[in-house]
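Everything on this sheet refers to the single structure shown next.
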């Protein structure tokens, strides 16, 4: 069964068409990269899957169920079980690292002891335990990336959306975090939809690459093939 | 002289214009007869009345800040971040009172609930006598200064990074996102607004005098205007200055910095509005009713009272010259404010001035107008400087000292929106900094500069606190004339004058709205 699915989706902003009859399928545990130039509609596809916007036409499915169709959001973002890492990370500056992880667990009604256990486990996994009570703004770029990953994964999402999260990092850190993302994906088994304009990054991270231009799929295939 | 030195010099000139009056006032109160003595202070504070007065003033300002804060935070969210029907129009209506002297609303309330007012009969034979006391003053102040909370909080809400909310929307309901992410983001702006509002209330004289509430600023003014006891007037002004200083120290301790409070939006995309669903229409009606209750009904009562055309003819005959003076003084003041504000903002942008300078311009905005006025007189009332003291120049210096923050903040936002590369390209082409500023930055930021000028004009036009103290003999401004007429003028003529003031501020305000709408397109 597909974890994430876009079926003939169209989305426009004023006179500009971001997506035009775009379709995409990401299987359970699969790693897919959306590759394309700026403004080709990659981020719009992520926003539709996340539940921030509704498509003008077509359907959005998560876990086989319709979550949005034709201008209507059927299942809101918070009930889709999807995690996301943003390009600017969007770490909440008024909360500590622990607070960033705890917010979602609390909102989902996870009991206090279980919350503590999961936060501890996740922070230990990303080697940030000693920074639990630190403000994320005082961490390094790489550490902030790991907080963003931990914040998304502590909720055990069925799929993780990543919107060019490594684009602002130097090459060494970029390579290190790619490896970390692959390890975490193998460990937790979530479906990964990774948006990038960097060909090398897409080839390193994905089982399958979807090339997008002007809101449509141009080419799709296995990077190894 | 280089760019940095020139911009630092400009700031130093402004700081001298703004701070020397305070120092002169302190010196005058400490050396009434040439020798240092605390006698003026000891006499003043030996009286229990002074302490009671100060306590009442702080209580009134505190109550206004709390009430306006309680109303302002939810209202800001409702008007700035939801899909409430008619939210733009409602926002403009709620902001309108800040452009009027509070005495206009005070007069409106009395026109509404007084014995002859349209709703006066509902209150029995006593009419709206409760208005003449702290309760009436509180209502007028909340209506007049609620816009401060709305403007700061709404600006902060709109500048927030939408990604922070989206990250939360993946796991939490809209109400949890609002309470857990959105509101904590704007708390610094909200706290700053409430403290600023508290300081602004401290300096109000017109409405309390009309409503017969003796507050400290009125006492200071009375010592000066009624008894011409200048030492006592300066001594009475100093505690207010101290309270404002303490309030700003509190802001500093809380870690609230103006530069961090009002930032340009971090991404081009505006935050997604919270959906109100079916309750949207009911909330819009409630918000409309709240505005009507605070400002709409009193203004409507003024309109009804002034309905006869002859009232307007009489108002223009009595205050036409003051109108003309207010327009010209406000226009000159606004031009100075934008010029200095632009150079100060530019200086901060290129690193010639420290970020802390922003706190100083904001502090001067919060200093009670009469205190600043008394300071200006302390400094300039000397034979050698009669060319300043006896002319409108003293008023313009007061406007520049108090309202430069408007030019500073708005031009800063406008300059920040220009890509740095524009100016760098001009530099590469060989243009000096002054040429780059006037031919590249200013034309590109013209909408912001025009907006800053209009807002500065409105604040100078509505100013009562400084004008009441320093207006040159025989050259009163409109707000001073209104204040005088409120004591002994005919009600319909006063109401007509209030309506004329409303029309005068509403017209530029509408222009600001149109500019803003166009810039959004």
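For this structure, a couple of remarks:
- Residue within the stretch A:179-202 that is within 14 Å of chain B (Cβ to nearest Cβ), part of a loop (DSSP other than H, G, I, E, B) and out of contact with any helix residue (DSSP H, G or I) (no Cβ under 8 Å at 6 or more places or on another chain) present: no
- Among residues of the stretch B:272-299, those that are assigned to a helix (DSSP H, G or I) and either within 14 Å of chain A (Cβ to nearest Cβ) or in contact (Cβ under 8 Å) with a residue 40 or more places away in the chain (or both), counted: 14
- Any hit, the stretch B:199-218, residues being part of a helix (DSSP H, G or I), under 30 Å from residue B:417 (Cβ atoms) and within 14 Å of chain A (Cβ to nearest Cβ): no
- Spans of helices (runs of 4 or more DSSP H) in the stretch B:322-404 with at least 2 residues closer than 20 Å to residue B:225 by Cα and touching a residue at least 60 places away in the same chain (Cβ under 8 Å): B:369-380
- Of all the criteria given as (1) facing chain B (nearest Cβ under 10 Å); (2) surrounded by 19 or more Cβ atoms within 10 Å (Cβ to Cβ); (3) under 30 Å from residue B:188 (Cα atoms), the one not satisfied by residue A:131 is (1).
Results for (1) buried (at least 24 other Cβ atoms within 10 Å of the Cβ); (2) within 17 Å of residue B:486 (Cβ to Cβ); (3) modelled with pLDDT of 85 or more, shown as yes or no for each residue.
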{"residue": "B:197", "(1), (2), (3)": "yes, no, yes"}
{"residue": "B:202", "(1), (2), (3)": "yes, no, yes"}
{"residue": "B:205", "(1), (2), (3)": "yes, yes, yes"}
{"residue": "B:209", "(1), (2), (3)": "no, yes, yes"}
{"residue": "B:214", "(1), (2), (3)": "no, yes, yes"}
{"residue": "B:220", "(1), (2), (3)": "yes, no, no"}
{"residue": "B:224", "(1), (2), (3)": "no, no, no"}
{"residue": "B:227", "(1), (2), (3)": "no, no, no"}
{"residue": "B:230", "(1), (2), (3)": "no, no, no"}
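- Checklist (1) assigned to a helix (DSSP H, G or I); (2) at pLDDT 90 or above; (3) under 17 Å from the mean Cα position of the chain (by Cα) applied to residue A:174, failing item: (2)
- Every condition in (1) outside any helix (DSSP H, G or I); (2) over 16 Å from residue B:223 (Cβ atoms) holds for residue B:32 except the one numbered (2).
- Restricting the stretch A:80-89 to residues that are out of contact with any strand residue (DSSP E or B) (no Cβ under 6 Å at 6 or more places or on another chain) and at pLDDT below 90, the residue that is surrounded by the most Cβ atoms within 10 Å (Cβ to Cβ): A:89
- Odd one out for residue A:152, checked against (1) more than 12 Å from the chain's Cα centre (by Cα); (2) buried (at least 21 other Cβ atoms within 10 Å of the Cβ): (1)
- Output for the stretch B:282-328, where each listed residue is out of contact with any helix residue (DSSP H, G or I) (no Cβ under 6 Å at 6 or more places or on another chain) and closer than 28 Å to residue B:18 by Cβ: B:324, B:325, B:327, B:328
- Residues of the stretch B:427-439 classified as surrounded by 15 or more Cβ atoms within 10 Å (Cβ to Cβ) and more than 31 Å from the chain's Cα centre (by Cα), total: 3
- At least 3 residues being within 21 Å of residue B:175 (Cα to Cα) is the threshold, and among the strands (runs of 3 or more DSSP E) wholly inside the stretch A:22-118 those reaching it are A:82-85.
- Every condition in (1) over 18 Å from residue A:165 (Cα atoms); (2) facing chain B (nearest Cβ under 9 Å); (3) surrounded by fewer than 21 Cβ atoms within 10 Å (Cβ to Cβ); (4) in contact (Cβ under 8 Å) with a residue 40 or more places away in the chain is met by residue A:104 except one, and the failing one is (3).
- Near pairs, Cβ below 7 angstrom, 6+ apart or cross-chain, from the stretch A:35-55 (without any contact (Cβ under 8 Å) to a residue 12 or more places away in the chain) to any residue that is in a loop (DSSP other than H, G, I, E, B): A:47/A:53
- Matching entry among B:350, B:344 (being more than 19 Å from the chain's Cα centre (by Cα) and either over 24 Å from residue B:450 (Cα atoms) or modelled with pLDDT of 90 or more (or both)): B:344
- If the condition is being in a loop (DSSP other than H, G, I, E, B), away from every other protein chain (no Cβ under 11 Å) and touching a helix residue (DSSP H, G or I) at 6+ places or on another chain (Cβ under 7 Å), then the stretch A:136-162 contributes only A:139.
- Residue check, residue B:172 at the interface with chain A (Cβ under 7 Å from one of its Cβ atoms), outside any helix (DSSP H, G or I) and either touching a helix residue (DSSP H, G or I) at 6+ places or on another chain (Cβ under 8 Å) or under 22 Å from residue A:44 (Cα atoms) (or both): yes
- Condition check for residue B:186: in a helix (DSSP H, G or I), within 13 Å of another protein chain (Cβ to nearest Cβ) and either in contact with a strand residue (DSSP E or B) (Cβ under 6 Å, 6 or more places away or on another chain) or surrounded by 23 or more Cβ atoms within 10 Å (Cβ to Cβ) (or both): yes
- Qualifying positions in the stretch A:34-53 - touching a helix residue (DSSP H, G or I) at 6+ places or on another chain (Cβ under 9 Å) and either surrounded by fewer than 18 Cβ atoms within 10 Å (Cβ to Cβ) or under 19 Å from residue A:210 (Cα atoms) (or both): A:34, A:35, A:36, A:47, A:50
- Selected residue (criterion: surrounded by the most Cβ atoms within 10 Å (Cβ to Cβ)) from residues of the stretch B:77-132 that are modelled with pLDDT under 90 and on the phi > 0 side of the Ramachandran plot: B:127
- Number of the exception - residue B:59 against (1) surrounded by 18 or more Cβ atoms within 10 Å (Cβ to Cβ); (2) under 20 Å from residue B:246 (Cα atoms); (3) assigned by TED's automatic domain parsing to the domain that holds residue B:190: (1)
- Note on the stretch A:62-79: residues that are buried (at least 19 other Cβ atoms within 10 Å of the Cβ) and more than 9 Å from chain B (Cβ to nearest Cβ) amount to 3.
- Residue in the stretch B:140-163 that is without any contact (Cβ under 8 Å) to a residue 60 or more places away in the chain and either farther than 23 Å from residue B:252 by Cβ or within 14 Å of chain A (Cβ to nearest Cβ) (or both) present: yes
The values are calculated or read from the model by the stated rules, or taken from the named source; none is laboratory data. In this text the structure is predicted, and so the values were computed from the model without any measurement. Every residue, glycine among them, receives a Cβ derived from its backbone with ideal geometry; neighbour counts consider all protein chains shown.
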